[in-house]
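Heads up: the structure comes next, in structure tokens.
The values are calculated or read from the model by the stated rules, or taken from the named source; none is laboratory data. Just so it is clear, the structure is predicted and the values come from calculations on it, not from any experiment. Positions of Cβ are backbone-derived with ideal geometry, glycine not excepted, and every protein chain shown enters the neighbour counts. Note: areas computed on protein heavy atoms with side chains; ligands, DNA, RNA excluded. Shrake-Rupley method; radii C 1.70, N 1.55, O 1.52, S 1.80 Å.
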Amino acid sequence: MQKNTIYEKFGISNKVLELSDSIISSLRERFDKIDEIAEINAAKVLSAFQENRVSAACFAGTTGYGHDDLGRDTLEKVYASVFHTEAALVRPQITCGTHALATALSANLLPGDELLSPVGRPYDTLEEVIGIRPSACSLAEFGVTYREVDLLPNGDFDYEGIKNAINEKTKLVTIQRSKGYSMRPTLSVERIGELIAFIKNIKPSVKVMVDNCYGEFVETIEPSDVGADMTVGSLIKNAGGGLAPIGGYICGTKECIDRCSNRLNAPGIGADVGASLSIMKDFYQGFFLAPTVTAGALKGAIFAANLYEKLGYHTVPNATEDRFDIIQSVELGSKEAMCAFCEGIQAAAPVDSYVTPIPYLIPGYNDDVIMAAGAFVQGSSIELSADGPIREPYAVYFQGGLTWNHAKLGIMMSLQYLVNAGIVKL
Ligand SMILES: *Cc1c(COP(=O)(O)O)cnc(C)c1O
């Protein structure tokens, strides 16, 4: 069967396919570089499995309190080995990335302490965790104050502003690696390291937490390699490899992780309790696959940037920039274009391909959000997905794809839907 014959089944025209293939053929060198990073990271994970003697017994389910849960305890050692930290908390009881971040923050901030974000406004769902938008049980309600310093207009750190913002109350600094739903650049691990060194030089007792969502395995080092006390993320993104059905992780110093364990469970109980039920095999296998899955998603992001930039759209990151997370945003300029793009992604999905995504208000977010996700794990954004808040500049954030082939198909479908809607003319 010819390639265009099978793509015809999806309604993809020859014009869209030819444009896509010509762009992809120009990206071979960059794809080789991504494969090399994946090779290193996959070997890093494998060696952590071997070092910690992962065995079939680790996949057995546990119930009840989960004392001496071999699978859970070994997995946490594997994460600690990969992230080069003293300890890790990796659990299905951490329900998502926001929960992992909220746990890390509330475990390490006490009334009277101040939290500082030196990289501007954090991810939408953290606004209520911190109390930037009022919410019951926010850090603000518990007497934790908050300060933020924006990046400079050129994307650099505002070192002067950061220095001025650090005071006797500053206890914890939160650094978000990925841009999230903003148009600022994503930070490389190297830049995060420079920022951490600057801050610890001013106040050595300050703890640093990095929100690592979407950044895992994009580079060969992680924030924990450059001085972060806690590196935090979601298993429904990169680190879960598409197989973890739930979960979050916090890797860091023993001191910080012990506090997180007490916060997550109960003081005194800490990390000893928390049955892993029957999902350990998926946690292990997902983590094993994560570097390779991340590489496929990265190729999709770079392809999307090159395709949409060629069509005249503003993309962040742009077609040629280095990558530090898997998110690609494309400024589409209108709600209609956002909907068409997301309908195309949805129509490419293995699950729920027949439904039409519609913007709606999701708890934790401030604007209507459109989300296209036809995923094996509901809402998973390491699987092919696109989303974005319906507000200026009407940017969609595209990410994921468990395989590069699927990412390519999804991006071609997004363009086909824009063509069909009369928004793009080829
Ligand atoms: C997704 C994300 C979160 C929140 O993770 P959830 O699993 O959706 O709760 C936090 N920060 C960043 C940068 C993210 O991308």
Problem set entry | Residue check for L264: within 16 Å of the ligand (Cβ to nearest atom), free of Cβ contacts under 8 Å to residues at least 40 places away in the same chain and either surrounded by 15 or more Cβ atoms within 10 Å (Cβ to Cβ) or over 17 Å from the mean Cα position of the chain (by Cα) (or both) | no
Exercise. Yes or no: G180 touching a residue at least 12 places away in the same chain (Cβ under 8 Å), open to solvent by less than 20 Å² (accessible area, probe 1.4 Å) and not hydrophobic (A, V, I, L, M, F, W, C)?
Worked result: yes
Problem set entry | Exclusive hit being crowded, with 19+ Cβ neighbours inside 10 Å and over 19 Å from S234 (Cβ atoms), set L126, L109 | L109
Seminar exercise, completed: Result of the Cβ filter at 9 Å on the stretch 10-33, keeping first residues that are over 16 Å from N405 (Cα atoms) and partners that are buried (at least 16 other Cβ atoms within 10 Å of the Cβ) and aromatic (F, W, Y), at least 6 apart or interchain, is G11/Y417; S13/Y7; N14/Y7
Seminar exercise, completed: If we ask which residues in the stretch 156-168 are farther than 30 Å from P389 by Cβ, open to solvent by 60 Å² or more (accessible area, probe 1.4 Å) and either within 16 Å of the ligand (Cβ to nearest atom) or not polar (S, T, N, Q) (or both), their number turns out to be 4
Problem set entry | strands (runs of 3 or more DSSP E) fully within the stretch 352-426 counting 2 or more residues that are of a type in the set (A, V, I, L, M), assigned by TED's automatic domain parsing to the domain that holds G333 and open to solvent by less than 60 Å² (accessible area, probe 1.4 Å) | 368-373, 395-399
For this session: Could you run through the stretch 293-316 and say how many residues are open to solvent by less than 70 Å² (accessible area, probe 1.4 Å) and in contact with a strand residue (DSSP E or B) (Cβ under 7 Å, 6 or more places away or on another chain)?
Result: 8
Exercise. Residues in the stretch 328-351: is at least one touching a helix residue (DSSP H, G or I) at 6+ places or on another chain (Cβ under 6 Å), part of a strand (DSSP E or B) and either open to solvent by less than 10 Å² (accessible area, probe 1.4 Å) or away from the ligand (no atom under 16 Å from the Cβ) (or both)?
Worked result: yes
Exercise. Using beta carbons and a limit of 6 Å, which pairs, at least six apart or on different chains, have the first residue in the stretch 274-292 and crowded, with 19+ Cβ neighbours inside 10 Å and the second one among the charged types (D, E, K, R) and part of a helix (DSSP H, G or I)?
Worked result: S276/R72
Problem set entry | Residue count, the stretch 11-58 (criterion: part of a loop (DSSP other than H, G, I, E, B) and either closer than 24 Å to A295 by Cβ or open to solvent by less than 80 Å² (accessible area, probe 1.4 Å) (or both)) | 8
Exercise. Is it true that A197 is touching a residue at least 12 places away in the same chain (Cβ under 8 Å), surrounded by 19 or more Cβ atoms within 10 Å (Cβ to Cβ) and out of contact with any Phe, Trp or Tyr (no Cβ under 7 Å at 6 or more places or on another chain)?
Worked result: no
For this session: Output yes when any residue across the stretch 212-227 is open to solvent by 10 Å² or more (accessible area, probe 1.4 Å) and under 20 Å from A375 (Cβ atoms), and no when none is.
Result: yes
For this session: Taking the residues in the stretch 169-192 that are at pLDDT 95 or above and farther than 26 Å from L139 by Cα as candidates, determine which candidate is farthest from the ligand (Cβ to nearest atom).
Result: E190
